[in-house]
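For reference, the structure is listed below as structure tokens.
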Amino acid sequence: MTFPSLELEKELLQRYRVVIGLDEVGRGAIAGPVAVGAAVYSIETSDQVPVGLRDSKLITEAKRAPIAQAVQAWTQTSVGTATVSEIETKGISWSLQQAALRAIEQLGANEGVILLDGSHNFLQGLTSLPVVLRTKADRDCAVVSAAALTAKVHRDRQMMQLHETYPQYEWAGNKGYASESHIAALQLHGPCQEHRVSWLGKILQEGLF
């Protein structure tokens, strides 16, 4: 199991005062918002990475919240979101951009460098801060792992709250992703206002509802 390090962050800190890790959660879901987490690494941040921090997909659900609390004690974090309505009317790319910009704005960050997970700079032309891309940064770079976990816990809580209103879709378990039980519930009950209806494709067969 690979644990994240601060190797790249320390390298970037030689050129920039602040490193802002960014990562998204919920892009591939068929219901609920998309979220982008942000976390800060600076000269004031401890080099002691929170125990248990790693790629959020490798952390069991029961352990995510306490590790996320340790992350908040370790450094400054934020989460920006975009609603289902925004995803449906503006598209997922625009929504991801806005969620990221909202997360950065919450940090009050106006200097430094953005360390972005992936191979595509979806913030190009939208921020004055330089962007460094790193594939698997959520696995390898502690500040991005922290951002991803923060976003994951935040969005999961939102989906569990929505589950109280729409229990038939079992969002407390599937968090809005296309699980077998979620698809079965869609076929039985139809979509609600928290579904990304334009994404449902063959699930919404003509005449099914």
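Data for the structure
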quantity	calculated
Top-ranked residue of segment 36-63 - restricted to ones that are among the aliphatic types (A, V, I, L, M) and crowded, with 24+ Cβ neighbours inside 10 Å, ranked as farthest from TRP74 (Cα to Cα)	VAL36
Flag for ASP117 being crowded, with 18+ Cβ neighbours inside 10 Å, at negative phi, in contact with a strand residue (DSSP E or B) (Cβ under 6 Å, 6 or more places away or on another chain) and of a type in the set (D, E, K, R)	yes
Helices (runs of 4 or more DSSP H) fully within segment 1-93 counting 2 or more residues that are of a type in the set (Asp, Glu) and under 17 Å from ALA147 (Cβ atoms)	7-13
Matching option when the condition is closer than 30 Å to THR89 by Cβ, touching a residue at least 60 places away in the same chain (Cβ under 8 Å) and of a type in the set (A, V, I, L, M, F, W, C), among VAL25, VAL49	VAL25
Any chance ALA148 is within 29 Å of LEU12 (Cα to Cα), in contact with a helix residue (DSSP H, G or I) (Cβ under 8 Å, 6 or more places away or on another chain) and of a type in the set (A, V, I, L, M)	yes
Filtered residues of segment 41-97 (kept if among the polar types (S, T, N, Q) and more than 14 Å from the chain's Cα centre (by Cα))	SER42, THR45, SER46, GLN48, THR60, GLN69, GLN72, THR75, GLN76, SER85, THR89
Residues of segment 124-151 satisfying the condition of being of a type outside the set (A, V, I, L, M, F, W, C), under 15 Å from the mean Cα position of the chain (by Cα) and outside any loop (DSSP other than H, G, I, E, B)	ASP138, ARG139, SER145, THR150
Any hit, segment 146-163, residues being at positive phi and surrounded by 20 or more Cβ atoms within 10 Å (Cβ to Cβ)	no
Evaluation of PRO33 against (1) modelled with pLDDT under 95; (2) surrounded by 14 or more Cβ atoms within 10 Å (Cβ to Cβ); (3) within 27 Å of HIS195 (Cβ to Cβ) (one fails), failing number	(1)
Selection within segment 152-203 - among the acidic types (Asp, Glu), within 19 Å of GLU24 (Cα to Cα) and not in a helix (DSSP H, G or I)	GLU194
Pick from segment 98-123, criterion in contact with a Lys or Arg (Cβ under 9 Å, 6 or more places away or on another chain) and not in a loop (DSSP other than H, G, I, E, B), ranking: farthest from GLN14 (Cα to Cα)	GLN98
Candidates VAL84, VAL143, VAL131, filtered to the one that is surrounded by 14 or more Cβ atoms within 10 Å (Cβ to Cβ) and in contact with a helix residue (DSSP H, G or I) (Cβ under 8 Å, 6 or more places away or on another chain)	VAL143
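The values are calculated or read from the model by the stated rules, or taken from the named source; none is laboratory data. Predicted model only: the values in this text are computed from it and were never measured. For neighbour counting, all protein chains shown are included, and Cβ atoms are generated from backbone atoms with ideal geometry for every residue, glycine included.
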